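The values are calculated or read from the model by the stated rules, or taken from the named source; none is laboratory data. A quick note: this is a predicted structure, and the numbers were derived from the prediction, not measured. Neighbour counts run over all protein chains shown; Cβ positions are idealised from the backbone, glycine included. Surface areas here come from the heavy atoms of the whole protein model, side chains and all, with no ligands, DNA or RNA. Shrake-Rupley method; radii C 1.70, N 1.55, O 1.52, S 1.80 Å.
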Amino acid sequence: MRKNKWLLLPVAASLVLASAACGSQSDDGASNAASPAASATAAATVAATSGPKPELKALMRWMKDDYNTYPVAKMLEEKTGYKVTYDMLPADKPGDKLNLLIASSEPYDLISVGGDNTFKALYADYAKKGALVDLTQLIDKYGPNIKKAISQKSFDAIKVDGKIYAIPHTTSNTVGASLIIRKDWLDKLGLKVPATLDELTEVLKQFKEKDPGGNGDKNIPLSMVGNAPMLSNVVGAFGLANEWNDAGGKLVPRAMDPAYKDYLTHMADLYKQGLIDKEFAINKDATVKEKFTSGKVGVIPQGWADVPTVADALKKNVPTAEYVFIPALKGKDGKAGFGASSGFDRITFIPKSSKHPEDAIKYMNAKLEEETFKNMAIGEEGKHYTFKDGVYSPILPIFNDERNNAGNFLTGIDEVKYPIYWQARVRKDQRLFDAWDYLNPKQPDALKFPNPLGLAPYLAQYAKDNAQLEQLVIDYTTKVIVGGEPISGLDAFVAKYKAAGADASYKEVNEWYATVKK
């Protein structure tokens, strides 16, 4: 294993390396959509490429099953003609392992990682230091399916210094969580599901005082996770649905929004009244779920994806229990809404150490051939799924056995068709579908706020400082709620927050936002 010293290069040398990256491109990168003639030429080039295909080596995100023996791997080999050997990153600290592998020039032909800020920052850093292949010309020449399936908007968002170094896999604009409440507790007290912040506060008081759970003074009205003090749904009632929100045409981080003080005041008051779990600061997600499913808690934040697991545990412990999602709570000024995911589920790039960069693009292009892509995503009709009245439904248990982890093989998606195919996944369990359906199709668009920075391009200052800034907000918010910090110290905290990089990020973010906002 040879050692690559690119990670240690000074900035000037890194830029020289980047300019010498594999391939070249026009001045505007990939912004020129292919003409029909160009597409035909590219298709002909792919079709004309025959002969033995090299074995490819892929590094993928962690999953519990072995990629190499999972049924999708065999199907893709049959359909594309490429044998791929898969390794995967560890579940714990995957970024650290990825850094070591890139620095050591491990000869992977493609690497697929998460699309969150951590991996977006790593990707941009690798690209800037010349560790990745510039894909622009390779996509033009060998990727007609890639260009057809993936929008220009997505490619623009993945560019680094105007160049494309990765295949983006966009996420759907999906609401992930709200608050769930014990419906049987409400019924016992003759209360309705709360629709406003004031109604929720009154319900929590009743849960504390009137013992609908039969736990005496051990009832916990509301529990939450210690490292997530910006409570799902409640933050939307203050206009703070996302970490950054549009306020008067500017994107403003929560801590710099005047409404942040109102949120702190509200939550600290709930805690002082004994309406929030006194142990919330040390709660883990599993702890909160255990308290709810054991019948001790009336309200918790809950992602739709975990509903069946939580429902099964609750039913086992409290057979008569019922729960429902709380709708978007309205604040005193009528604000309400849910934050929604936006941006990239994952990104796939080709390191400079790849022995077969052209074949890696050909392989990813072949995976986006229409029938191959559908097979990869949800399998074969009549075997893995049924299609009736425009709805894809899974056939169980074979769908779970052979396509449950298929998403981990995706290296770019058909952005029009995949959101439709994907719905087969939430139809595996009626409770899962009902939860997703309630928080998504059934919610008015006006109540869903996609993360405005989800499809932002690489922003150096934001990428550098955002994680530590967000941790500052988490720590401070928790301290204020439990009474460890007075709200009177907010101005001093905000000054510290701005000096730690928030002012610089605000400037950078809004320079970009001014170019894209409607």
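Among (1) touching a residue at least 40 places away in the same chain (Cβ under 8 Å); (2) in contact with a helix residue (DSSP H, G or I) (Cβ under 7 Å, 6 or more places away or on another chain), where does Leu314 come up short?
Status for Leu314: all satisfied but (1).
Does Leu329 count as open to solvent by less than 20 Å² (accessible area, probe 1.4 Å) and closer than 23 Å to Lys291 by Cα?
It is false that Leu329 is open to solvent by less than 20 Å² (accessible area, probe 1.4 Å) and closer than 23 Å to Lys291 by Cα.
Quick one: which residue in Asp434, Asp401 is farther than 21 Å from Tyr67 by Cβ, open to solvent by 40 Å² or more (accessible area, probe 1.4 Å) and modelled with pLDDT of 95 or more?
Of the residues listed, the single one that is farther than 21 Å from Tyr67 by Cβ, open to solvent by 40 Å² or more (accessible area, probe 1.4 Å) and modelled with pLDDT of 95 or more is Asp434.
Might you let me know whether the range 474-485 holds any residue that is at pLDDT 95 or above, among the β-branched types (Val, Ile, Thr) and surrounded by fewer than 16 Cβ atoms within 10 Å (Cβ to Cβ)?
Within the range 474-485, the subset at pLDDT 95 or above is 474-485.
Checking which are among the β-branched types (Val, Ile, Thr) leaves us with 474, 477-478, 480-482.
Applying the additional criterion that residues be surrounded by fewer than 16 Cβ atoms within 10 Å (Cβ to Cβ) yields 474.
Taking every residue of the range 474-485 in turn, at least one turns out to be at pLDDT 95 or above, among the β-branched types (Val, Ile, Thr) and surrounded by fewer than 16 Cβ atoms within 10 Å (Cβ to Cβ).
List the helices (runs of 4 or more DSSP H) inside the range 440-518, counting only whole elements, that have at least 3 residues being of a type in the set (Asp, Glu).
The helices (runs of 4 or more DSSP H) meeting that bar are 460-481, 503-516.
Please work out if Ile413 is hydrophobic (A, V, I, L, M, F, W, C) and surrounded by fewer than 17 Cβ atoms within 10 Å (Cβ to Cβ).
no
Is there any pair with a first residue in the range 379-402 that is at positive phi and among the charged types (D, E, K, R) and a second that is part of a loop (DSSP other than H, G, I, E, B) and modelled with pLDDT of 95 or more whose Cβ atoms are under 9 Å apart and which are 6 or more apart or on different chains, and what are they?
Qualifying pairs under 9 Å: none.
Please determine, by comparing only the residues of the range 445-466 that are of a type in the set (S, T, N, Q) and open to solvent by 40 Å² or more (accessible area, probe 1.4 Å), which one is farthest from Ala237 (Cα to Cα).
Here the answer is Gln461.
Does the range 243-253 include one or more residues that are among the aliphatic types (A, V, I, L, M), more than 23 Å from Ala286 (Cα to Cα), outside any helix (DSSP H, G or I) and open to solvent by less than 30 Å² (accessible area, probe 1.4 Å)? Write out each step before concluding.
So the first thing to find is which residues in the range 243-253 are among the aliphatic types (A, V, I, L, M), and the list is 247, 251-252.
Next, from what is left, pick out any that are more than 23 Å from Ala286 (Cα to Cα): 247, 251-252.
Filter again for outside any helix (DSSP H, G or I), leaving 247, 251-252.
From what's left, open to solvent by less than 30 Å² (accessible area, probe 1.4 Å): 251-252.
So far as the range 243-253 goes, yes, one or more of its residues are among the aliphatic types (A, V, I, L, M), more than 23 Å from Ala286 (Cα to Cα), outside any helix (DSSP H, G or I) and open to solvent by less than 30 Å² (accessible area, probe 1.4 Å).
Collect the residues in the range 349-374 that are open to solvent by 50 Å² or more (accessible area, probe 1.4 Å), under 24 Å from Tyr421 (Cα atoms) and assigned to a helix (DSSP H, G or I), keeping them in residue-number order.
Across the range 349-374, the qualifying residues are Glu370, Glu371.
If Leu264 passes every condition in (1) assigned to a loop (DSSP other than H, G, I, E, B); (2) within 23 Å of Pro486 (Cα to Cα) but one, which one does it miss?
The failed condition is (1).
Yes or no: the range 285-304 includes at least one residue that is within 24 Å of Ala241 (Cα to Cα), touching a residue at least 60 places away in the same chain (Cβ under 8 Å), out of contact with any Pro (no Cβ under 6 Å at 6 or more places or on another chain) and of a type in the set (Asp, Glu).
Yes - at least one qualifying residue is present in the range 285-304.
Could you count how many residues in the range 211-237 are more than 13 Å from Leu275 (Cα to Cα) and assigned to a helix (DSSP H, G or I)?
Number satisfying all stated conditions: 4.
Of all residues in the range 158-172 being of a type in the set (Gly, Ala, Ser) and open to solvent by 10 Å² or more (accessible area, probe 1.4 Å), which is nearest to the chain's Cα centre (by Cα)?
Within the range 158-172, the first condition is being of a type in the set (Gly, Ala, Ser), and the residues that meet it are 162, 166, 172.
Subsequent filtering for residues that are open to solvent by 10 Å² or more (accessible area, probe 1.4 Å) retains 162, 172.
Values: Gly162: 24, Ser172: 9 Å.
Checking each candidate, the answer is Ser172.
Go through (1) at positive phi; (2) in contact with a Leu (Cβ under 8 Å, 6 or more places away or on another chain); (3) touching a residue at least 60 places away in the same chain (Cβ under 8 Å) and name the single condition Gly501 misses.
That leaves (3) as the condition not met.
Out of the residues in the range 304-317 that are surrounded by 18 or more Cβ atoms within 10 Å (Cβ to Cβ) and not aromatic (Phe, Trp, Tyr), which is farthest from Asn233 (Cα to Cα)?
Leu314
Of the conditions (1) hydrophobic (A, V, I, L, M, F, W, C); (2) more than 19 Å from Thr196 (Cα to Cα); (3) buried (at least 19 other Cβ atoms within 10 Å of the Cβ), Ala268 clears all except one; give me its number.
(2)
Taking the options Lys188, Lys192, name whichever one is open to solvent by 40 Å² or more (accessible area, probe 1.4 Å) and assigned to a helix (DSSP H, G or I).
That would be Lys188, the only listed residue that is open to solvent by 40 Å² or more (accessible area, probe 1.4 Å) and assigned to a helix (DSSP H, G or I).
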